[in-house]
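Below: the structure, in structure tokens.
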Amino acid sequence: MKNKVLFVIFTALMLSACKQDYSTTKIVGKRNAITDSLASKSEIEDYIKPYRAHVNRDLDSILAYAANTYSKSDGDLNTAIGNFMADAVFEMSNSIFKKRTKHGIDMVLLNHGGIRSIVSKGNITSRTAYEIMPFDNSVFVTPMKGQQIKEMITYLAERKRAHPISKLKLTLNDDYTINEALIGNKEIDYEKTYYVATNDYLYNGGSNMLFLKSKDTVYDLNYKIRNLLIDYFKKIDTLKPVIDDRFTQIKNN
């Protein structure tokens, strides 16, 4: 028994003597650039090849035809590509909103910077929609009262930029003051609540559009604008938007 006790004491002393405190004094990192010089793994390539082919097949499926090439730099206050996008949001979202709320969408406001690519003349595919709208922004419909509407048209006049709009007609004087503002081709009733379709990014203050925030219920249609564009392309045969008179300036000679 005595020997066993001595053995236990000896073992405990040895473990105590061997115990050391460790702490991190330095971390060394190395940057490995991912370039074409890195050799590919054939087994990985073989594994992802059918998935890549499936995705590319879906993205490259032809949905419609573009009659021309459209760019967001084509106009000063409104562009064909911006007009098409705003009109598409109205057309594809209005019926959904009506079914859910019994109200109609009065107008659409998007942002010029949200258009991330041109639409090239020729075949339109799902890939086209991903290039124009690579973000996962969804359609929001916000109720806007008179003061918010005033702030909105003032914002558009001061920014002097082709933010995509639909069902709003805004005419500026030569000095960029507001000459006329109509919603649905009618004078704006500042005692009325208007339902404005936009996206979640702008509703939450993107592009400094703080006037979109509402104290009333905001409606998330759970409809990504990219998917909306794909559905719109499937619906039409040929895309041929134009620069029109929805946002213009009267210039004095």
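Quick note: the coordinates plus some simple rules give every number you see, no bench work behind them. Just so it is clear, the model here is predicted, and its values are computed rather than measured. Cβ atoms come from the backbone with ideal geometry, glycine included; neighbour counts cover every protein chain shown.
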Extension gain, Thr177 back to Asp231 (0.36 nm per residue minus Cα-Cα distance, nm): 15.7 nm
His103 label point, 7 Å along Cα→Cβ, cut-off 14 Å on backbone N: hits in the stretch 190-226? 191-198, 212-221
Any of Lys72/Lys167; Lys169/Lys235; Lys150/Lys186 with alpha carbons more than 22 Å apart? Name them for me. Lys169/Lys235
Which FRET efficiency, nearest 0.05, do Lys213 and Thr25 yield, Cβ-Cβ r, R0 35 Å? 0.10
Counting DSSP beta bridges with both partners in the stretch 100-253, what percentage is antiparallel, nearest 5? 80 percent
For Lys145 paired with Tyr190, estimate the spin-label separation in nm (one decimal), with each label point 7 Å from Cα along the Cα-to-Cβ line. 1.4 nm
Quick one: Cα centre-to-centre distance for the stretch 191-253 and the stretch 118-144, in angstrom? 12 Å
Per residue, what volume in Å³ does the Cα convex hull of the stretch 125-253 take up? 132 Å³
Tally Lys and Arg at +1 and Asp and Glu at -1 over the other residues with C-beta under 10 Å from the C-beta of Pro134: what net charge comes out? 0
Amide N proximity, the stretch 101-143 versus Asp74 label position 7 Å along Cα-to-Cβ, cut-off under 15 Å: 115-124, 132
Shape call for the stretch 85-191 from the C-alpha gyration tensor, a ≥ b ≥ c root eigenvalues: rounded (a/c under 1.5), prolate (a/b greater than b/c) or oblate? oblate
